[in-house]
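Report on one structure; see the data block that follows.
The values are calculated or read from the model by the stated rules, or taken from the named source; none is laboratory data. Worth saying up front: this structure is predicted, and the values here are computed from it rather than measured. No Cβ is skipped: glycine too gets one built from the backbone with ideal geometry, and neighbour counts run over all protein chains shown.
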C-alpha cells in the first residue's frame, strides 16, 4: 500500500460526495454567559475569603496587642507598687524607728581642723 | 392531531405553574428588597445606633500623674508616688448569705467579722461601697473568694512614703484628681499630663477590632516627673526642731524656711502644725492646708532692721562704722517711738549697737538719713523703693506654691493721710511694724543682701525627670542683680555676725559656733495689731532671719513663731532657739563647707 492510497482510504472514512476533504475548524473557544457568571462568583468568593482571612488575622493581632497592653499595665502597676514599697522602706520615719538606729549614739558638735 | 393538542395543553399548564412559581419567587425577593430597604435605608440611623451601643467603646484614658521627688544627699528619692488602690463594692441583691460574705471579707481586710453584714443586707441599693483604698493583694484575695455580687475596681491614688514630710509644701490631690494647695496646685497642669482617648468598635469581649475603620486611639501623655530643691533629711530635721520648740513655747504656728542664697533654691520649708497629705480628708481645720511660710504674712518686727541698715548702707547715707547720738526716743505725730528698757536711754550708738540692742530709735534715725536728716517725702520714697523694688516686699515671689500672699508695704504718698501720719507709719516700718511680709519674702530679701546683691527667684522646682530617669535641672532665675552693692554685703555680714556673738555673750549659750563658720542673724519681736485699733498688750510674734556659711553664706534662714508663751522677748526666746538648732544641725551634719574648704 502506497502513501497516497493510505490517505485516500482515510479520507473515505468521513468524506462524502461533493464534500471538501479538508475542513477548517476555528481554534478560538469562548466562554458562555453561564461560565462567566460562575467564574465571577468564584472570584468574588475568593476575594471575600481573602478579605475575611486578612480581617481575621488583623483582628487576631489586635487581640494580641490588647493582651500585651493589658500585661504592660499590670506590670507597670506591679512596678509602681514595688517602687512605693521601696520608698516606704527607705522612709526617714522607718529608719528612725529601726533597730539599727536605736543602737546609734548621739553626735557631739563637730569642729574642723585647719592646717 | 389529538396528540399534538394534548402536548400543547400540557406545555401551557406547565408554563403556567412555572410562571406562578416565578411570580412568587419575584414577590418573595421583592419583599426581601423592600424589607432590606426599610431596614438599611429608612431605619439606617436607628439600627446603626443600636449596633454601636453594643460595639462602640469610647473612653477617656487617664494620664498618669507625675511623681514628685526630692534630694537625699546625692540621691534623688520619690516623696510622692502613685499607687493603684482598690474599692470593694457589692450588689446586695446578689448576696445570698450576708453574714458569711461579711466574715470572709473582714478576715482579709482585718476588720471585725460582722463589719460588712449590715451593708450587704441593704435592700434599697444595688451598689454599696464596702471598703476604699485597699491594696492589690487584698483585692485579689477578695476576688478569689468568688463571692456573688462582690467586685473591685482600681484607681490611682497619691501615696506619701515619707508620711507628713513637707505636707503643706506638697499639697494634695482631691477626689476629682485636681491638685489642691502647695506644689500640687501650682504645678497641677504639668503634673496632670494630657488624657488619651479611645474610640473603637469592639468584639464581644470588649477588645477593639483592629480592622475597624475609624478607630481612634490617642495615647495619654503622662504628667512630668519633677524634682524639688528640698533636702529630705534637712526638711525632716527642721520639722522636728520646730515641732519641739512650738510645743515648748506653746505657739499655735511656727514657720521655718532654709534657702540657698546663691540660687534661690529652697532647701527646707516647714510649718507646725502640719498634716499628712495622705489623710487630708481627716483635717478639720482648713487653715492647716496653707503653707504659712508663704501665705501668712505678719508684721515682722525688728528683723526689718537688717533691711533698714542695709538700705542706708547701700544709699551711702551711713557707713559700717558710723556712730550717732541716740536721744532715746523720737516724737512723731504725737506718738513717741522708743526702745525697750534694757537698751538704756540716750547715748552715742554705733551700727553694731543699733542691731545688737535692736534700737527702734536707731532704725528711725536711719530713715531720717535717707531724707537728709529728717523723715520726709524723700526719705519715705527712698525707703519704699528699697523695700518694694530692691527687696521686693509687697509682691509675690512667684514660688511654686498655691495661695501665696503678697503682704503689705504702705505707699510713700497717701493723699488722705497727713505728712506727719505717713512719717509715723514709715518710722514704724523701719522696725517691722505697720507692714507685713511672709517668712519666704524675708528670707529672699536676706539672701539678696548676703549674696552680693542678686535677687534670685525663690523656687522649689529643681528640674524634671524623663522616662529614662535623666534629670534636666532648671537654671536659677535672676530677678534683679543690683539689689545692693558688693561693698554693702561686705559691710552688713560682719554686723550680723556681731549680733550673734553679742547674744551669745548675753547668755544665749547655744549660739556657740565653731570659728571656722560664719553665722549671723537678727531677732525680731513684733507687736500684733488689735482688730479694734492699736496693738495688743500681751501678745507678740517672734521672728528671726540669719545665715550660716563658710567663705560665703550658704544658707539663709527665716523663722516666724506666732504668739509664743515665753518668759522674755519672743524673738530671743522662741525664734532664736530654732535658728540656733537649725544652724547647729547644718554645721554638725556637714551641710556647710567651713572657711577655707
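Structure summary
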read-out: Some residue of the range B:411-427 being within 29 Å of residue B:289 (Cα to Cα) and assigned to a loop (DSSP other than H, G, I, E, B); value: no
read-out: Helices (runs of 4 or more DSSP H) within the range B:306-389 that include 1 or more residues more than 23 Å from residue B:520 (Cβ to Cβ); value: B:360-370, B:377-385
read-out: Of all residues making up the range B:164-179, the number that are surrounded by fewer than 17 Cβ atoms within 10 Å (Cβ to Cβ) and either within 23 Å of residue B:463 (Cα to Cα) or touching a strand residue (DSSP E or B) at 6+ places or on another chain (Cβ under 9 Å) (or both); value: 3
read-out: Among residues of the range B:535-572, those that are under 21 Å from residue B:431 (Cβ atoms) and part of a strand (DSSP E or B), counted; value: 20
read-out: Subset of the range B:122-141 that is modelled with pLDDT under 90 and within 12 Å of chain A (Cβ to nearest Cβ) - its residue that is surrounded by the most Cβ atoms within 10 Å (Cβ to Cβ); value: B:136
read-out: Unmet requirement for residue B:278, which otherwise passes all of (1) farther than 30 Å from residue B:451 by Cβ; (2) in contact with a strand residue (DSSP E or B) (Cβ under 9 Å, 6 or more places away or on another chain); (3) outside any helix (DSSP H, G or I); value: (3)
read-out: Neighbours by Cβ (under 6 Å, 6+ apart or cross-chain): first from the range B:521-534, free of Cβ contacts under 8 Å to residues at least 40 places away in the same chain; second surrounded by fewer than 24 Cβ atoms within 10 Å (Cβ to Cβ); value: B:530/B:536
read-out: Leading residue by the ranking (modelled with the lowest pLDDT) among those in the range A:95-115 that are surrounded by 10 or more Cβ atoms within 10 Å (Cβ to Cβ) and facing chain B (nearest Cβ under 9 Å); value: A:114
read-out: Residue within the range B:86-97 that is touching a strand residue (DSSP E or B) at 6+ places or on another chain (Cβ under 9 Å), within 14 Å of another protein chain (Cβ to nearest Cβ), within 24 Å of residue A:78 (Cα to Cα) and buried (at least 18 other Cβ atoms within 10 Å of the Cβ) present; value: yes
read-out: Pick from the range B:511-534, criterion more than 14 Å from chain A (Cβ to nearest Cβ), farther than 15 Å from residue B:569 by Cβ and in a strand (DSSP E or B), ranking: modelled with the lowest pLDDT; value: B:529
read-out: Qualifying residue in the range B:299-316 (condition: in contact with a helix residue (DSSP H, G or I) (Cβ under 8 Å, 6 or more places away or on another chain) and surrounded by fewer than 17 Cβ atoms within 10 Å (Cβ to Cβ)); value: no
read-out: Verdict on residue A:51 being without any contact (Cβ under 8 Å) to a residue 12 or more places away in the chain and within 7 Å of chain B (Cβ to nearest Cβ); value: no
read-out: Among residues of the range B:552-597, those that are within 14 Å of chain A (Cβ to nearest Cβ) and without any contact (Cβ under 8 Å) to a residue 60 or more places away in the chain, counted; value: 4
read-out: Selection within the range B:58-88 - at negative phi, part of a loop (DSSP other than H, G, I, E, B) and in contact with a helix residue (DSSP H, G or I) (Cβ under 8 Å, 6 or more places away or on another chain); value: B:63, B:65, B:66
